[in-house]
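For reference, the structure discussed in these notes is given below.
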Amino acid sequence: MRELQVKDILFGAAYYPEYMPYDRLQEDIAMMQKAGMNTIRIAESTWSTLEPAEGVYDFSYIDKALAAAEEAGMYVIIGTPTYAIPSWLEKKCPEVMVFDGYSRKKYGKRQIMDIVHPVFRKCAENVICKLLEHTANVSCVIGFQIDNETKHYGTASPQVQRMFVEYLKTKFHTTEQLNEVFGLRYWSNSISDWSDFPDMAGCIHGGLACEFAKFQRSLAAEYLVWQSELVKKYKRQDQFITHNFDFEWKKFGADIAQDGYSYGVQPDINHYEASKAVTIAGTDIYHPTQDGLTGAEIGFGGDSIRTLKDDAYIVLECQAQAFKYWTPYPGQLRLHGYSHLASGAAGVLYWNWHSIHDGYETYWKGVLSHDLSTNPVYEEAGEFGREIARFGRETLCISRKNQVAVVIDNQSLSSFNWFPIDKDLSYNDVVRWMYDCLYEMNISCDIIDIHQLEEKFDQEQKPYQMIVTPALYSVSDAFVQKMKGFVQAGGVVVSSFKSFVADRQLSVYSDVQPHGMTDCFGMSYNQFTEPGRATVAGENILYFAELLKPDTAQVIESYEHKYWGKYAAITKNAFGQGYGYYIGCYVTKERLKKIFKDAVVCAQVQNYFDDEIKWPVIIRSGINEKKETIHYALHYSEEAESFICPFEKVEDLLSGNIFMKGQSIPMKDWGVRILKEYEGEQS
């Protein structure tokens, strides 16, 4: 929590008084305070209100909101308004609308601008600087959110493509090297002069296309760094810079915002690369509720964002009511809030305070319904808000240091857009398959970008006890050597199919797979197949199966099939002082959990509860600012549950009850307990 200067847990909502059907600013502030809220986020998304005509500024609604917050003793986060451009900007320069290589977007929606276009950049700089001049010295303003859920938006204009060619020249120097690295002789795509480089819209080389996607992600990261540098010119030393990083949106059918939730690795910006722009990481996390509430999306999002800075983060947007199938059951909204704190958050803000009466998001409901009066969601938010205010940040906000890491990689994600594992299995499906099993087993982990892990390897050979690689398709030889050194030093690696296959330009290595790791895993393979009728331990397998040939490895499971039965499906191998596990096919979650159970024992992972505590009861632990050990017990079920206390002696801060080791701890439907260990009596 190094960058968060305030001493409270941030709790509140995005607030848009300019969207209100009538002036009720004082009433809203009073209602927020009654609910224990102390923070509002304002200004993002309303560029046309702040600058109705070029060079004409109107900060009157900002001034009123700041004055009301100041008088009430509330905190304010100012958002730069750049992710939704005004129509006058499009009329001034139609080319600011993003061109994706095929067509130019029409004005109307948000996030449809070319983030590198000089006219957009100049106009964005003007409004950012004017807004910062106006707000940075107001005492209630504690920080700034730059842009909103930023991505590259598919930008592929002629300017971007010229920039890409310059990037390639710098990286590969000659066309001969470019041709060699990406195998461009295929289908006569090689070039002999840089001026012959073709439009990327027609690219048929997955490696080169993914290099372009990587370049596009770098443009999005650079755009955030650019905004951050502008903010730094105006902000006070005690003010933070943040951004609300979001995730891939899991869709079920029609392409509408209501149809999905925060699911996996964001393909259109690299979070770790972009996190250099912020002093404290922020995020937006949305997830199923009602009978679909598992807590896994909150866990996944938190474990991803917390790891970016190895520090606390702010949930800048999470749901209150939202859609008809997200209206929370009694107890769920409170459970949501504590779930975020249990993952390491230092703030929880709803999107948004009030339901909007007009526009695209009319039925993405806020804390208040359209009648703008009290309701069960507001009342339960208030219960949570008053509780956290009573205990405070120094008790409830925890730092979490995990011994297990799940490695994520945007390049591997991009590769499967070109070379799918299966039409029904995405990269993020594999990531969530492995992460969700760890989560349900109460095996705490960091979700770490491959580049950040490499940096940790440079600092220490064994930054974790156990590393999990879901479909880590693209790896450098240097990374392979670091992973092998990790295992030799006593670490445990658990890898899925399609790991260690290609280099960072997605050229498949020409040696036996998994590349460079055959001695670590004690096996190899050179064939894979559709599983068909094959089973593992009597259970059906889906999507994909590698036919593993063991050498020194122990065969944990073999395929059950007339022809594939001579091949291994899952192996374990002792290598140096550690172990390498390889899972060659998509098995059931219960089968995968058995592998993880064996692996965490070999890795000597502490605070693993074996089968004693598992989902729907989730335990998330850490150290608070008072150096106390805190365990959040979170119950994701409408059925009453209990678990056996694994700690010597704990106090439930919410009820005051004391529990000793071996005692049964009851959990009510969608219940929460905050268990503080007594000093000197930790397990």
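Residue-level analysis places G565 outside the set of residues that are closer than 22 Å to D424 by Cα and out of contact with any Leu (no Cβ under 7 Å at 6 or more places or on another chain). Among the residues of region 274-296, those that are farther than 21 Å from Y338 by Cβ, crowded, with 21+ Cβ neighbours inside 10 Å and not polar (S, T, N, Q) comprise A274, A277, V278.
Let me confirm something: among A53, A84, A67, A30, which residue is hydrophobic (A, V, I, L, M, F, W, C) and surrounded by 14 or more Cβ atoms within 10 Å (Cβ to Cβ)?
The conditions single out A84.
The condition (being buried (at least 23 other Cβ atoms within 10 Å of the Cβ) and among the aromatic types (F, W, Y)) is satisfied by just one residue among F59, F11: F11. State which residue is farthest from D477 (Cα to Cα) when the search covers only region 507-521 and only residues that are among the β-branched types (V, I, T) and surrounded by fewer than 19 Cβ atoms within 10 Å (Cβ to Cβ). This residue is V512. Listed conditions (1) in a strand (DSSP E or B); (2) surrounded by fewer than 20 Cβ atoms within 10 Å (Cβ to Cβ) are all met by W615, apart from (1). N148 meets all of the listed conditions (1) polar (S, T, N, Q); (2) in contact (Cβ under 8 Å) with a residue 60 or more places away in the chain; (3) part of a helix (DSSP H, G or I) but one, namely (3). For E455, the stated conditions do not hold, so it cannot be described as among the acidic types (D, E) and touching a residue at least 60 places away in the same chain (Cβ under 8 Å). Taking Y563 as the residue in question, decide whether it is of a type in the set (F, W, Y) and touching a Ser or Thr at 6+ places or on another chain (Cβ under 8 Å). Spelling it out, it is not the case that Y563 is of a type in the set (F, W, Y) and touching a Ser or Thr at 6+ places or on another chain (Cβ under 8 Å). Of the strands (runs of 3 or more DSSP E) lying entirely inside region 276-354, those containing at least 1 residues that are touching a Cys at 6+ places or on another chain (Cβ under 7 Å) are 282-285, 345-351. For region 223-254, residues that are outside any helix (DSSP H, G or I) and either within 13 Å of N137 (Cα to Cα) or not charged (D, E, K, R) (or both) total 18. Given the options A277, A213, A221, A296, name the one that is hydrophobic (A, V, I, L, M, F, W, C), over 30 Å from V127 (Cβ atoms) and touching a residue at least 40 places away in the same chain (Cβ under 8 Å). Selected residue: A296, the only one of A277, A213, A221, A296 that is hydrophobic (A, V, I, L, M, F, W, C), over 30 Å from V127 (Cβ atoms) and touching a residue at least 40 places away in the same chain (Cβ under 8 Å). Beta carbons closer than 7 Å, at least 6 apart along the sequence or on distinct chains, pair a first residue in region 476-498 that is within 23 Å of V181 (Cα to Cα) and in contact (Cβ under 8 Å) with a residue 40 or more places away in the chain with a second that is crowded, with 24+ Cβ neighbours inside 10 Å and of a type outside the set (F, W, Y) for K498/A471. Report whether or not K593 is in contact (Cβ under 8 Å) with a residue 12 or more places away in the chain, assigned to a helix (DSSP H, G or I) and not aliphatic (A, V, I, L, M). Yes.
Only one of the listed residues (L438, L413, L425) is surrounded by fewer than 20 Cβ atoms within 10 Å (Cβ to Cβ), closer than 22 Å to Y261 by Cβ and among the aliphatic types (A, V, I, L, M). That residue is L425.
Residues that are under 29 Å from the mean Cα position of the chain (by Cα) and not in a loop (DSSP other than H, G, I, E, B) were ranked within region 625-664; the one that is farthest from R334 (Cα to Cα) is T629. Do we have any residue at all in region 91-109 that's under 22 Å from L224 (Cα atoms) and exposed (fewer than 14 other Cβ atoms within 10 Å of the Cβ)? Yes - at least one qualifying residue is present in region 91-109.
Within region 356-368, the set of residues being buried (at least 17 other Cβ atoms within 10 Å of the Cβ) and more than 26 Å from the chain's Cα centre (by Cα) comprises I356, L368.
Of all residues in region 301-352, those being under 16 Å from H635 (Cβ atoms) and either charged (D, E, K, R) or free of Cβ contacts under 8 Å to residues at least 24 places away in the same chain (or both) number 1. With respect to (1) touching a Pro at 6+ places or on another chain (Cβ under 7 Å); (2) crowded, with 17+ Cβ neighbours inside 10 Å; (3) within 30 Å of R386 (Cβ to Cβ); (4) at pLDDT 95 or above, the lone exception for L25 is condition (2).
Can you pull out the helices (runs of 4 or more DSSP H) entirely within region 18-90 that have at least 1 residues that are under 32 Å from the mean Cα position of the chain (by Cα) and within 18 Å of N126 (Cβ to Cβ)?
47-50, 60-72
For the subset of region 80-113 comprising residues that are of a type in the set (F, W, Y) and within 17 Å of L50 (Cα to Cα), which member is modelled with the highest pLDDT? Per the stated criteria, the residue is W88.
The values are calculated or read from the model by the stated rules, or taken from the named source; none is laboratory data. Since this is a predicted model, take the numbers as computed values, not measurements. Note that each Cβ is placed from the backbone with ideal geometry, even for glycine, and that neighbours are counted across all protein chains shown.
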